[in-house]
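Novice: Take a look at this one; I'll ask things after.
The values are calculated or read from the model by the stated rules, or taken from the named source; none is laboratory data. Note that the coordinates shown come from a computational prediction; the quantities given were computed from them, not determined experimentally. Ideal geometry is used to build each Cβ from the backbone, glycine not excepted, and the neighbour counts take in all protein chains shown.
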Amino acid sequence: MEQIEKLSERIRKIINPTLNETYIRYIQNFRKNHVPKEYNQIKLLDDLTNPEIDFLIDLSNRTDGKTFNYFHAFIDISIEFSTGIMFLVRKPRERQDIQITLEAVIGESNIYELSDFTFIRTERYIEIIYKSKHSIAVITDLNSATQTKRISNFIKQYPILVYDEFIALDGDYLPDEWNKLKTIYNSVDRNKKAIPLIQFPKIFLFGNPENFNSPLLSGLNLFSYMENHPINTQQQYKNIILGMYRNEQSNKKRNTIAFQEDDDAMTTGEFKVNNYMIATDEDKSSIRLNQSIFYIKLSNDFLQIKYNRDTFKCILAIVHSADNYQFNLVLKDNKDDSIYLKETYFDERQIRKINRGRYLYENMFSKDYIITDFNGLQYLKIDKLIRQYDITLEKVNPVDIKEKQYKDTYIEDTKKALAMKFFGG
């Protein structure tokens, strides 16, 4: 009986497959026929239809064919399954770079002719038309995030978002990349019904492990996972699929001697981790024994300061949201119960405390952001702010303080326990 049921199911899949089954067979055939084995195998696309996943991240060494192979597949997926693709860049002038890349991919493809594609330029995006009939993709930029809200009925036709080179050199990041990406996603996520094939919009992020400074890495809170993620594996963390790969075949084709790149992240495919002054679990536990937390509103993000009220040991973190804040860096963010940080809260000598390792940091992103930030956070008198906030707590009912400390500790312990249960750390 069981064998009959298995045979019946096998026949059904052949005669009347579901859309998901059709896609799985399609991507396997595409990989077999169009992706050379010595290059990136576009494994993230196996999870395109997974309803639990929102972000799909592929990090690898240089020249492993990641961009070419994924872009080739996205063009084909859009045509085969009528699912629009949105290619993202940081700035408007970079849209042309994606068009040039796509033209190269199409030109080298053995499936399509470049003459079958038309690229239509507008003020906010480049639209890609296939055979003068089907709009298969758009190329837009994060700086146009606000404008996408005004054309959401158009933009929502492209629910697969692709952001190549999302990890950049330090000076290339936009000041508010996380919120701009969120704005674009919300403009796309306007479908009243589940989107065929993918149900909800998906975001693909491709890059090389140059640094931890991407605001998207911070927003996704992936640091602890990325530092311990085994190379050449793909794993799920909450609603994120992360793959990290080192392609030895492509490394052999590069000249790594000229700039001594054998141990470079662009060759190894792994991040360079410097744990100096990064808070350990033991540090976090000691602070939670008598913890208080307050926030400073920055231009776009928040500086979170957690400290122990007995020892004044503290951990600094950059976060993208906060329920409330007690200090603000920009005058327009003043509230009745917040304090504007004027010049008396800054001192160039503060950098000495940072150099001596006075403060701990939640992660590499927070450390780099604070130490190198152009807003001068490395000069902020952290100890003065802690003392000032601690004095205000003294005026509050001690029972309320203990209840707040208990609540904060309970939330953090719960998060840690859930992480240990579901993600192994």
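Novice: Taking into account only those residues within the stretch 196-246 that are at pLDDT below 85, out of contact with any strand residue (DSSP E or B) (no Cβ under 6 Å at 6 or more places or on another chain) and not in a helix (DSSP H, G or I), which is nearest to PHE71 (Cα to Cα)?
Specialist: Only one residue tops the list, namely ARG246.
Novice: Restricting to the stretch 48-72, count the residues that are crowded, with 16+ Cβ neighbours inside 10 Å and in contact with a strand residue (DSSP E or B) (Cβ under 6 Å, 6 or more places away or on another chain).
Specialist: 9
Novice: Tell me, which strands (runs of 3 or more DSSP E) lie completely within the stretch 84-131 with 2 or more residues that are in contact (Cβ under 8 Å) with a residue 24 or more places away in the chain and more than 20 Å from GLN157 (Cα to Cα)?
Specialist: none
Novice: Can you name the condition, by its number, that SER299 falls short on among (1) at pLDDT below 90; (2) under 22 Å from the mean Cα position of the chain (by Cα); (3) among the small types (Gly, Ala, Ser); (4) under 20 Å from ILE167 (Cβ atoms)?
Specialist: Against the list (1) at pLDDT below 90; (2) under 22 Å from the mean Cα position of the chain (by Cα); (3) among the small types (Gly, Ala, Ser); (4) under 20 Å from ILE167 (Cβ atoms), SER299 comes up short only on (4).
Novice: Something else: Is it the case, given these coordinates, that ASP176 is within 13 Å of the chain's Cα centre (by Cα), farther than 16 Å from ARG95 by Cα and among the acidic types (Asp, Glu)?
Specialist: On the way: within 13 Å of the chain's Cα centre (by Cα): yes; farther than 16 Å from ARG95 by Cα: yes; among the acidic types (Asp, Glu): yes.
Against the criterion (within 13 Å of the chain's Cα centre (by Cα), farther than 16 Å from ARG95 by Cα and among the acidic types (Asp, Glu)), ASP176 qualifies.
Novice: Among the residues in the stretch 352-360, are any without any contact (Cβ under 8 Å) to a residue 24 or more places away in the chain, in a helix (DSSP H, G or I) and surrounded by 14 or more Cβ atoms within 10 Å (Cβ to Cβ)?
Specialist: no
Novice: From the list ASN324, ASN328, which residue is in the same structural domain as ILE386 (by TED's automatic domain parsing), at pLDDT 90 or above and over 13 Å from LEU380 (Cβ atoms)?
Specialist: Just one listed residue meets the conditions, ASN324.
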